[in-house]
Structures are given as C-alpha cells and as structure tokens.
Amino acid sequence: NLLKSFSGAGITNKVLALFDNDTAAFSAVDSLRAMQLPDNIRILHYPDIEMAENYPSIGPNGTYLQNINGSACSIELYFGEDVLKENGTFTPVQWKNLDNRINKYHGAIKNKDKLKEKFMQKLHRCQESHSVINPNEWKDIDLLLNCIFSATHV
C-alpha cells in the first residue's frame, strides 16, 4: 500500500522496497503487477540462502527438511546459524496457510522474539569486543546487505 501511495503521489526520490523471501512477500509484490511502478521505485526480496535449502519445517505430516527459500525466509533466517540453533538444532519453521494468490504455503519461524533477543545479544557482544566476531556467523546477513548495496548503486 505504501508503494502504491508513493507511486500515486508522484514521489520522485529513489525508493527501495525490501521484502522478505517468503510467500506473503511474493504475494504482496504480485498484487503490484497490475500497476506500473515508476522507475524510481525498486523492489527487492531478501536473497536465497544456502542454509534454507535444507531447513527443518513443521507441517501437518510432521517435521521434515525442505527448501524454504521463497516461502518462509523472514529476516530471522539471516541472523546466523549460531542464533537459529538451540542445543545444536535449528529452530523450525511452522507452515501456516495457503496463499491462494500465488498458490503457495506460507511458513513462519518459531520463537521469533527469542531469536531477535539472541541476535541483539550477539550484536552487543561483537560491538563490545571485535575479537569475538566470527565472519561465518554473519555470512547470510552480509549477503543481504550486499544485495541492498548493489540494488541502490544502479
């Protein structure tokens, strides 16, 4: 709705609309296809990540591993394996509902608030002491930021 408002109001500033890499976001973007957005408005989804190609999810048939890129990757999936794992096990995605617009199920990671808290603690530790920074723990958020930077320098 905000993009429609910007477009209708004739906003000329460059706008980058950043969407999750999940079903709800792709459905929302699909709803914009009927209108012609101006060239100053760019749409970007979070990038696919390797970890999400084989991620635990909970559905009506139980828990299983599957590729959740494009259907359940909210910002929390980019926080790093160290945040997403509890006792060596990934926090699973729970399948919620079928989006009829794009005919895909939408998933949401469980315990979002706890994951956000763990990420903020990780961020605080790294700000206090740069020696604790493990670049591998930041690779997915780094990929996301590089996509944003690339999209804004076009």
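The values are calculated or read from the model by the stated rules, or taken from the named source; none is laboratory data. Remember, it's a predicted structure, so these values are computed and weren't measured experimentally. A quick note on method: Cβ atoms are made from the backbone with ideal geometry, for glycine too, and the neighbour counts reach across all protein chains shown. For the accessible areas, the whole protein counts, side chains as well, though only heavy atoms, and no ligand, DNA or RNA atoms are used. Shrake-Rupley method; radii C 1.70, N 1.55, O 1.52, S 1.80 Å.
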Subset of segment 75-111 [polar (S, T, N, Q), modelled with pLDDT of 95 or more and on the phi < 0 side of the Ramachandran plot]: Thr89, Thr91, Gln94
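Taking segment 133-154 as the region of interest, how many residues are open to solvent by 60 Å² or more (accessible area, probe 1.4 Å) and within 16 Å of Glu81 (Cβ to Cβ)? First the steps, then the outcome.
Filtering segment 133-154 for residues open to solvent by 60 Å² or more (accessible area, probe 1.4 Å) gives 133-136, 139, 142-143, 145-146, 149-150, 152-154.
Filter once more, keeping what is within 16 Å of Glu81 (Cβ to Cβ): 133-136, 139, 142-143.
Of the residues in that region, 7 qualify.
Has segment 118-130 got any residue that is of a type in the set (Ser, Thr, Tyr), open to solvent by 50 Å² or more (accessible area, probe 1.4 Å) and not in a helix (DSSP H, G or I)?
In the first step, residues of segment 118-130 are kept if they are of a type in the set (Ser, Thr, Tyr); the result is 129.
Remaining after also requiring open to solvent by 50 Å² or more (accessible area, probe 1.4 Å): none.
No, segment 118-130 contains no residue that is of a type in the set (Ser, Thr, Tyr), open to solvent by 50 Å² or more (accessible area, probe 1.4 Å) and not in a helix (DSSP H, G or I).
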Segment 109-154, residues that are within 27 Å of Ile58 (Cα to Cα), among the aliphatic types (A, V, I, L, M) and out of contact with any strand residue (DSSP E or B) (no Cβ under 6 Å at 6 or more places or on another chain): Leu115, Met120, Ile141, Leu143, Leu144
In segment 74-91, the residues that are free of Cβ contacts under 8 Å to residues at least 60 places away in the same chain and open to solvent by less than 30 Å² (accessible area, probe 1.4 Å): Ser74, Glu76, Val83, Leu84, Thr91
Hits in segment 13-63 (condition: in a strand (DSSP E or B), under 17 Å from Ile75 (Cα atoms) and open to solvent by less than 70 Å² (accessible area, probe 1.4 Å)): Leu16, Ala17, Phe19, Asn21, Asp22, Ile43, Leu44, His45, Tyr55, Pro56, Ser57
Filtered residues of segment 92-112 (kept if touching a residue at least 40 places away in the same chain (Cβ under 8 Å), more than 15 Å from the chain's Cα centre (by Cα) and in a strand (DSSP E or B)): Asp99, Lys104, Tyr105
